[in-house]
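Shown next, in structure tokens, is the structure this report addresses.
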Amino acid sequence: MTQVILPGQTIGVLGSGQLGRMLTLAARRMGYRVHTFSPDQDTPTGQIADVEIAAPYDDLDAIRAFARHVDVVTFEFENVPVEAAAAAAEIVPVRPSGRALHITQQRVREKAFLSARGFPVVPFATVRTKDTIDAALALVGAPAIVKTAAFGYDGKGQQRVASAQDAERAWQQFGEQEIVIERLVDLRLELSVVAARGMDGDIAHFGTLENSHRHHILDLTVAPAQVDAAVSSEAVRLTRAILMELDYVGVLCVEFFLTRRGTLLVNELAPRPHNSGHYSIDACITSQFEQQVRAVCGLPLGSTAQLRPAAMANLLGVLWMDGEPDWTAALKSSDVKLHLYGKTAARPRRKMGHLTALAESADLARSSVLAARAALTRRT
Ligand code: ADP
Ligand code: MG
């Protein structure tokens, strides 16, 4: 097995959403070929890739056939079954590893991994059977948040609960599957660190990013975060330690909660480029997607230096509800960049694209990107 994958060779991507699309754009710019695998067709990634394979993730023969035509396999979302990653790994390197995927794709495993190694996490209890709900909620304290252990993203599979009855209802609603009950954190703000570790063990990070969510979905990222240097350096220190503990190769995002009392807690890990790192496409020497290409191909990591303060605002499908957004109006501000993911069906909570604004300061970038997004739907 060759360890370094060079331009001209082929990267296989499991998954076909916008993260795969932006990864593919970066890879093709550098001269790589890209094949994508997912159950769907005409996907955000497939529209850009050289080859788009449509088959279920549990069709392991199809996964092996896919792996035979590529030189390395990566994934762009963490709900790919570990069996698929293992089948691909029989044939080519899979980076990040199946172990990292296994740990980070399930909340209970992820939290157990983090807390066993002394990383600060939100107080939680695991529930597998109905009769343990009362005790779990008593341990954590109400109000709390119930989260499914597997397959959650963008707030899907989450429910705020005030009582044991609420928690029981949520448990039933989520199909009586394993759940986590988590203490509701009194948030000052949310931060993330996107970082990469290369095959040589080198680590590069994009600093601390400040994230605002609406209805549990990322809405806005400001880069760099406007927080104390001590908080930033602690978040980066924890991220480095997590990369090392996972013996990780590739880009990883650590989402943090900063409590009102000033405590930093790890919320969750994403074993791939992350929505909060999208600003890096326009604002940094190396984007998080180019960094992922470099890391999984065994190349040296690029500089993450940020050229200008930036802010990124997500464009959800709800913006399409009264017709096509007014792109001309948003782009009147010449420092605003538009990214659309090639999705046709605009469901209200679906991520359709994003805007990034660059400015003299983070505050100006924030107001500029929010003004541009507001202009999209301001009807005259
Ligand atoms: P997802 O996988 O959907 O991103 P998260 O666990 O990151 O799930 O939750 C999404 C968002 O919901 C968080 O970024 C935060 O805004 C809010 N949230 C989740 N858990 C808590 C909590 N324990 N306390 C306060 N807010 C929370
Ligand atoms: Mg999250």
Using modelled backbone amide H atoms (1.01 Å from N, in-plane), which distant-in-sequence or interchain residues come within less than 5 Å of G12's amide H? H35, D71, V72, V73, T74
log10 I(q)/I(0) for the range 282-380, Debye formula on C-alpha points only (no solvent), q = 0.11, 0.23 Å⁻¹, two decimals, reads -0.40, -1.12
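Counting Lys and Arg as +1 and Asp and Glu as -1, each charge on the Cβ, what is the dipole of the range 248-337 about the Cα centre in debye, to the nearest 20? Before the final figure, lay out each step's value.
Values: 7 positive and 8 negative charges, 81 e Å.
Dipole about the Cα centre, nearest 20: 380 debye.
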Determine the distance separating the Cα centre of the range 342-374 from the Cα centre of the range 273-309; give it in Å without decimals. 19 Å
Hey, what do the phi angles of the range 112-124 turn into as Karplus ³J(HN,Hα) couplings, whole Hz, using 6.51/-1.76/1.60 and θ = phi - 60°, x for Gly and Pro? 5, 4, 5, 6, 4, 9, x, 6, x, 10, 5, x, 8
Exposed loop sites here are GluC sites (Glu not before Pro) in DSSP loop states with at most 15 other C-beta atoms within 10 Å. What is the longest stretch of the chain lacking them? 177-359
For the pair E90/V318, report the inter-label distance in nm, with labels modelled 7 Å from Cα in the Cβ direction. 4.6 nm
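Give me the percent of the accessible area of the chain that comes from carbon and sulfur atoms, probe 1.4 Å, all protein chains in place.
Details: 8080 of 16040 Å².
Using a 1.4 Å probe with all protein chains present, the chain comes out at 50 percent carbon and sulfur.
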In debye, nearest 20, what is the charge dipole magnitude of the chain about its Cα centre with +1 on Lys and Arg Cβ and -1 on Asp and Glu Cβ, if you could check? 560 debye
Name the residue farthest towards the positive end of the dipole of the range 275-340 from the options L319, C297, S333, assuming +1 on Cβ of Lys and Arg, -1 on Cβ of Asp and Glu, about the Cα centre. C297
Based on C-alpha coordinates, I'd like the Rg and Dmax of the chain, in Å. 20.5, 60
How far is it, in nm, from the label point at R378 to the one at E360 when both lie 7 Å from their Cα along the line to the Cβ? 2.1 nm
³J(HN,Hα) across the range 133-141 via Karplus (A = 6.51, B = -1.76, C = 1.60, θ = phi - 60°), whole Hz, x for Gly/Pro? 5, 3, 5, 5, 5, 4, 5, 7, x
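So in the chain, what percent of DSSP beta bridges are antiparallel if you round to the nearest 5? Kindly include the intermediate steps, with their values, before the conclusion.
On the way: 59 of 75 bridges.
Restricted to the chain, the bridges split so that about 80 percent are antiparallel.
First measure r as the distance between the Cβ atoms of L6 and Q165, then evaluate 1/(1 + (r/R0)^6) with R0 = 41 Å and state the FRET efficiency to the nearest 0.05. Walk me through the numbers on the way to the answer.
On the way: r = 59 Å, r/R0 = 1.44.
Efficiency, rounded to the nearest 0.05: 0.10.
Contour minus end-to-end for A150 and D219, with contour as 0.36 nm per residue of separation and end-to-end as the Cα-Cα distance?
Details: separation 69, 0.36 × 69 = 24.84 nm, distance 2.29 nm.
22.5 nm is the gain from fully extending A150 to D219.
What is the range 66-109's relative contact order, in percent, from Cα pairs under 8 angstrom and six or more apart in sequence?
Result for the range 66-109 is 44 percent.
Compute, for the range 123-183, the length of the dipole vector about the Cα centre, with Cβ point charges of +1 (Lys, Arg) and -1 (Asp, Glu) only. Units Debye, rounded to 20.
So the magnitude is around 120 debye.
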Any chance you could check the Cα centroid distance between the range 88-128 and the range 1-55 for me, in angstrom? 25 Å
Under the 7 Å Cα-to-Cβ spin-label approximation, R260 and A305 lie apart by a distance in nanometres of 4.2 nm
As a check on your grasp of the helix formula, calculate [θ] at 222 nm for the chain: sum -39500 (n - 2.57) over DSSP H runs of n ≥ 4, divide by the residue count, round to the nearest 500. -8500 deg cm²/dmol
Contact order relative to length of the chain, as percent, for alpha carbon pairs under 8 angstrom and 6 or more apart: 14 percent
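Over the chain, with the other protein chains present, what is the accessible area per residue in square angstrom, probe 1.4 angstrom? Working shown, then result.
On the way: 16040 Å² over 380 residues.
Dividing the accessible area of the chain by its residue count gives 42 Å².
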Past 28 Å, Cα to Cα: identify those pairs from K130/K351; K156/K343; K130/K343, in the order given. K130/K351; K130/K343
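Below 8 Å, C-alpha to C-alpha, sequence gap of six or more: please give me the relative contact order for the range 186-275 in percent. Don't jump to the answer; show the numbers that get you there.
Working: 169 pairs, mean separation 31.1, N = 90.
In percent, rounded to a whole number, it is 35.
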Amide N proximity, the range 173-205 versus A135 label position 7 Å along Cα-to-Cβ, cut-off under 20 Å: 176-183
Out of T129, G175, P143 - ranked by how far each Cα lies towards the positive end of the dipole of the range 123-183, with unit charges on the beta-carbon of charged residues - the top one is P143
Over the Cα atoms of the range 187-375, what Rg and Dmax result, in angstrom? 16.5, 51
From the phi of every residue in the range 332-348, what ³J(HN,Hα) in whole Hz does the Karplus formula 6.51 cos²θ - 1.76 cosθ + 1.60 yield, where θ is phi - 60° and glycine or proline is x? 4, 7, 6, 9, 9, 10, 9, 10, 10, 9, x, 8, 8, 7, 8, 6, x
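The values are calculated or read from the model by the stated rules, or taken from the named source; none is laboratory data. Keep in mind that what you see is a predicted model, and the values were worked out from it rather than measured. Cβ atoms come from the backbone with ideal geometry, glycine included; neighbour counts cover every protein chain shown. In case anyone asks, the SASA skips ligands and DNA or RNA and just uses the protein heavy atoms, side chains included. Shrake-Rupley method; radii C 1.70, N 1.55, O 1.52, S 1.80 Å.
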